[in-house]
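Below: the structure, in structure tokens.
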Amino acid sequence: MKTLFERSISGRHCTILPVSDVPECTPDTCREKPLRLPELSETDISRHYTELAKQTFGVNDGFYPLGSCTMKYNPKVNEDAAAMEGFTEVHPTQKASQGSLRLLKTAEQYLCEITGMDEMTFQPAAGAHGELTGLMLIKRYHELSGHSARNKIIVPDSAHGTNPASSSMCGFTVINIPSSEDGCVDLDELRKAVGEDTAGLMLTNPNTLGIFDKNIKEITDIVHSAGGLCYYDGANLNAVMGIVRPGDMGFDCIHLNLHKSFSTPHGGGGPGSGPVGCKSFLADYLPGEKIVETDGKLAWCDRGEKSVGAVRSFHGNFLVVVKAFAYLLTLGRQGVPEVAKNAVLNANYLKHLLEDTYEVAKPGICMHEFVLTLENLKKETGVSAMDVAKALQDYGIHPPTMYFPLNVHEALMVEPTETESKETLDNAAEAFLDIMKTIKENPESLHDTPHKSPISRPDEVNAARHPKLRYHFDD
Ligand SMILES: *Cc1c(COP(=O)(O)O)cnc(C)c1O
């Protein structure tokens, strides 16, 4: 595809400027050479960007079962709500914006109710940022209780990569513990790992294998009796929201990914929102200001000197909270658990259609996502998880998450999400089964898939090591 500069035709333009009524610039204030800009008509520009847009793939194009990321359809009415002038034009220091404050306060109350937490901050801009913030609370708690020697965070091997990364960014040492055969936390390994130096545990439940840990109360009890705190990575909340609460599972502190569970499109990388909720004994450590109500009037109030300080300016990505709030109002008390039930139903339905043909990493009922392992298939046929993921693109399906979680080899992690129809899931299953037929008949043909997309297999290593960040003009 040509760049705008390559499409440029000298003298072509799409603006008609009025006759200048100010003096022309004098030679000493002019640039020596005219600025190099592409010269194009409006039609050229419009077609250029439409062509670019057609080369991408998003939830509006087709099935997007990217596990752990919850790439679901997000109601457009939320965008309308977030585009309302009263929200977009308000300044964060404006005292009179009672409506915006009320929205933040009510969203906090709803999300605390859903998670079983007492207070929440909307400052963090994403899940990973929330993790760092939550860990800062845990660190501060131990420091102020005279236990600064507690410097280890326990993370199971099924964890998302951001968990160990956030822990070490916060100055903790990471203790990795292996999962047991069934994909849950190995209680014996956990008992061995806790001790006087335990600051806490970070856990995703259901975990990245799509399994709800049946021992969850015992797990949080083991950590608490050793003097540690429990952090809940809420990225998978859509599997359980409205049904069970992290607060009741024994967690002290959590983050949510509003852009995953509470409907903000995030394929392009943002903006996101990773609110952090905690039990009341940690609330003084939260960052930013809190909203207090006096005689029906809301106002921002300093949290005091125990706070970890600001982790972002003002109140975070406010408009993402507006979208989440609009979504919560649409769902209501009955709709929230229904999201979870449909997410789980869809995942189990698709898994059921695939499990006779593909090997499921951990058989049995899953939550909102499941993981296939192509380890044996690769040994027998040479076809890898990457090959199957790429082949799916020829069926108009975005690849599932590949090679994650790390404790499954040749993993494909599939999360259909609650917003997909039975027909879409049936079509997806047909694509998977069709690919298996090709693997059996002609495995070699899978190695250079996809065949129908604008580019096939980019050289990812070269692209990362030697990125071309500039366009080089001939002259
Ligand atoms: C997505 C995800 C994160 C990180 O969240 P971001 O919003 O992408 O920073 C952390 N943990 C799990 C399990 C996730 O799926």
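Nothing in this text is a laboratory measurement; each read-out follows from the coordinates by a stated rule. Here the structure is a predicted model, which means the values were calculated and not measured. Positions of Cβ are generated from backbone atoms using ideal geometry, with glycine treated the same way; all protein chains shown enter the neighbour counts.
Please list log₁₀ I(q)/I(0) at q = 0.09 Å⁻¹ for segment 367-475, using the Debye equation with identical point scatterers on the alpha-carbon positions.
The Cα Debye sum returns log10 ratios of -0.30.
Along the charge dipole of the chain, which of V383, V308, V194 sits closest to the positive end, that is, farthest toward it, with unit charges on the beta carbon of Lys, Arg, Asp and Glu (+1, +1, -1, -1)?
Toward the positive end, the furthest listed residue is V308.
Taking the Cβ-Cβ separation of V461 and H409 as r and a Förster radius of 22 Å, what is the calculated FRET efficiency to the nearest 0.05?
Working from the Cβ atoms, E equals 0.60.
On a straight-distance basis, which lysines could pair with K452 in a cross-link, Cα separation under 22 angstrom, same-chain partners fewer than 8 positions away excluded?
K2, K54, K390, K437, K440
Which of the residue pairs K76/K323; K105/K290; K139/K279; K192/K279; K260/K351; K260/K323 have a Cα-Cα distance greater than 19 Å in the structure shown?
Exceeds cut-off: K192/K279; K260/K351.
Which of the trypsin sites (Lys or Arg not before Pro) found in segment 401-475 are in a DSSP loop and have at most 11 neighbouring Cβ atoms, other than their own, within 10 Å?
Here the trypsin sites (Lys or Arg not before Pro) that fit, given the DSSP loop and packing criteria, are K452, K468, R470.
Which far-off residues, 5 or more places away or on another chain, put their amide H under 5 Å from the one on N176, with H placed in the peptide plane?
Residues meeting the criterion, in which the H sits 1.01 Å from N, are V155.
Cα extents of segment 188-313 along the three principal axes, largest first, in whole Å?
That gives 50, 37, 27 Å along the principal axes, largest extent first.
State the three equivalent ellipsoid semi-axes of the chain, derived from the C-alpha gyration tensor as the square roots of 5 times its eigenvalues, in descending order and whole Å.
40, 35, 22
For S225 paired with E305, estimate the spin-label separation in nm (one decimal), with each label point 7 Å from Cα along the Cα-to-Cβ line.
It works out to 3.8 nm between the two label points.
What distance in nm separates the two pseudo spin-label positions at K341 and A96, each 7 Å out from Cα along the beta-carbon direction?
Label at K341, label at A96, 4.7 nm between them.
Can you tell me the length gained on complete extension of the stretch Y349 to L187, counting 0.36 nm per residue apart and subtracting the Cα distance?
Answer, rounded to one decimal: 55.3 nm.
How many times 2.2 N^0.38 Å is the alpha carbon radius of gyration of segment 1-118?
The value comes to 1.81.
Quick check: the distance between the Cα centres of segment 151-225 and segment 86-144, to the nearest angstrom?
25 Å
Y73 versus R31, label points 7 Å from Cα toward the beta carbon: distance in nm?
4.6 nm
Hey, which aspartates and glutamates would be in cross-link range of K95, C-alpha to C-alpha under 14 Å, not counting anything within fewer than 8 residues on its own chain?
Leaving aside aspartates and glutamates fewer than 8 places away in the same chain, those within reach of K95 are E289, E293.
Run lengths n ≥ 4 of DSSP H only: what is the helix-derived mean residue ellipticity at 222 nm for the chain, with -39500 (n - 2.57) per run over all residues, to the nearest 500?
-11000 deg cm²/dmol
Only sites in a loop by DSSP and with at most 16 other Cβ atoms within 10 Å count here; which GluC sites (Glu not before Pro) in segment 189-290 make the cut?
Passing both the DSSP loop test and the Cβ count: E196.
Kindly work out what percent of the DSSP beta bridges joining two residues of the chain are antiparallel, to the nearest 5.
Among the beta bridges of the chain, antiparallel pairing accounts for roughly 55 percent.
Which FRET efficiency value, to the nearest 0.05, do you get for R470 and D394 by plugging their Cβ-Cβ distance into 1/(1 + (r/R0)^6) with R0 = 45 Å?
Between R470 and D394 the formula returns 0.85.
Would you mind calculating the relative contact order of segment 314-430 from Cα pairs under 8 angstrom and at least 6 residues apart, reporting the percent as a whole number?
Relative contact order here is 27 percent.
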